[in-house]
Amino acid sequence: MDKIKKIRELLESIGMPRKQQSDICVLTILGMGNIKKRTKWINATNEWLRIHDIIAFVNNNYNVTYAENSRETFRKQALHHFRIAAIVEDNGMATNSPNYRWRLTDEFVEILRNINISKEPLLNFKNNHGSLIDMYSSKKEMRKMPVKINGDDYTFSIGDHNQLQKAIIEEFAPRFAPEAECLYVGDTVQKNLVNLEERLKQLGFVITLHDKMPDVILYRADKDWIYFIEAVTSVGPMDAKRIQEISQMTSSVSSGKIFVTAFLDFKTYKKFSEQLAWETEIWIAEFPDHMIHMNGDKFMGPR
């Protein structure tokens, strides 16, 4: 049996949706495992790779021709879903970093190495992770958190991160960004829940596929202020590196820029307090009427 057919059957057996059994998905697995047509399965690897490396490998070894600008197709059709299914992982770098990499998980590369030897790694994987078909089905049925954004009704999926984003929209914005328009907010299931691209472009945003947007972007027209807000439950505060990334992405934006890190509670804030950049703001949903300012010179004076 040829390698492509074997991987397609493997993806079906672990419950991947049909769209994730396509040629591009199969070739992504082969490329990430460094598996050529004559490579023995036992020699599969899981080195850290760029999408560019995967495309170059499959073009050179599987008689296909994917253009360099198809990187986003590989990411959206294959890698994004494979990460959710625990088939691949990334190295945690910012997506626009030149050092951003992907690799097969240790569990999945063991399945490949034993594909003709033992079913045990496959059975263990299925027991530990279930199927993506079932996962996606359950996500569609899960309870939602209603939220009103720009006067329209939306729903966030359940989770601490979205609970905090809901608090930013409903509690932070009315207090500290009154009448602000929400230009962008994501959801853990639906990434671009609100994404007013034309409005962002009008304000001077130049957004590429590699840019990682802040969790929430608000615009207050009366003061011409833009609030860049990171909702932090486990990673991603407004540290110096993140400020630099957003500043580069918005170098053509003339509006005033306000950088905010939001936390659900004081305990979480304390975990990240030493990472927070100067000239930024901190808002804690547990104490919604108060802000912590990392720019004392602006607010020094009698109360």
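The values are calculated or read from the model by the stated rules, or taken from the named source; none is laboratory data. Note that this is a predicted model, so its numbers are computed, not measured. Cβ coordinates were reconstructed from backbone atoms using ideal geometry, including for glycine residues, and neighbour counts include every protein chain displayed.
For VAL232, indicate whether it is within 19 Å of ARG220 (Cβ to Cβ) and modelled with pLDDT of 90 or more. No: the conditions fail for VAL232. Of all the listed residues (ASN99, ASN69, ASN63, ASN59), the sole one being out of contact with any Lys or Arg (no Cβ under 7 Å at 6 or more places or on another chain), modelled with pLDDT of 95 or more and not β-branched (Val, Ile, Thr) is ASN59. Residue check: is GLU230 in a strand (DSSP E or B) and not polar (S, T, N, Q)? In short, yes. Screening PHE172 with (1) surrounded by fewer than 17 Cβ atoms within 10 Å (Cβ to Cβ); (2) outside any strand (DSSP E or B) gives one miss only, at (1). A residue that is among the hydroxyl-bearing types (Ser, Thr, Tyr), over 16 Å from PRO214 (Cα atoms) and either outside the structural domain of LYS166 (by TED's automatic domain parsing) or in a loop (DSSP other than H, G, I, E, B) (or both) cannot be found anywhere in region 259-278. The set of residues in region 148-166 that are at pLDDT 85 or above, of a type outside the set (S, T, N, Q) and either touching a helix residue (DSSP H, G or I) at 6+ places or on another chain (Cβ under 7 Å) or under 20 Å from VAL260 (Cβ atoms) (or both) comprises ILE149, ASP160, HIS161, LEU164, LYS166. Screening region 63-87 for residues that are among the aliphatic types (A, V, I, L, M) and either in the same structural domain as ASN192 (by TED's automatic domain parsing) or over 14 Å from the mean Cα position of the chain (by Cα) (or both) and picking the one that is farthest from GLN21 (Cα to Cα) gives ALA67. Can you find, within region 202-220, the residue that is farthest from THR261 (Cα to Cα) among those that are of a type in the set (D, E, K, R) and at pLDDT below 90? Looking at residues that are of a type in the set (D, E, K, R) and at pLDDT below 90, I get ASP211.
Checked against (1) surrounded by 13 or more Cβ atoms within 10 Å (Cβ to Cβ); (2) more than 21 Å from ILE292 (Cβ to Cβ); (3) without any contact (Cβ under 8 Å) to a residue 60 or more places away in the chain, ASP224 meets all criteria but (1).
Of the residues making up region 251-278, those that are closer than 23 Å to ASP289 by Cβ, buried (at least 16 other Cβ atoms within 10 Å of the Cβ) and more than 21 Å from the chain's Cα centre (by Cα) are ILE258, TYR269.
Among the candidates GLU230, GLU179, the residue that is surrounded by fewer than 15 Cβ atoms within 10 Å (Cβ to Cβ) and in the same structural domain as LEU276 (by TED's automatic domain parsing) is uniquely GLU179.
Table: residues versus (1) in a loop (DSSP other than H, G, I, E, B); (2) free of Cβ contacts under 8 Å to residues at least 24 places away in the same chain.
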site: LYS6; (1), (2): no, no
site: MET16; (1), (2): yes, no
site: VAL64; (1), (2): yes, no
site: ALA86; (1), (2): yes, no
site: GLU89; (1), (2): no, yes
site: PRO98; (1), (2): yes, yes
site: VAL109; (1), (2): no, no
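In region 102-132, the qualifying residues are those that are out of contact with any Leu (no Cβ under 7 Å at 6 or more places or on another chain) and of a type in the set (Phe, Trp, Tyr), and the one that is modelled with the lowest pLDDT is PHE125. The residue that is farthest from ARG101 (Cα to Cα), among those in region 18-62 that are under 21 Å from the mean Cα position of the chain (by Cα) and of a type in the set (Lys, Arg), is LYS19.
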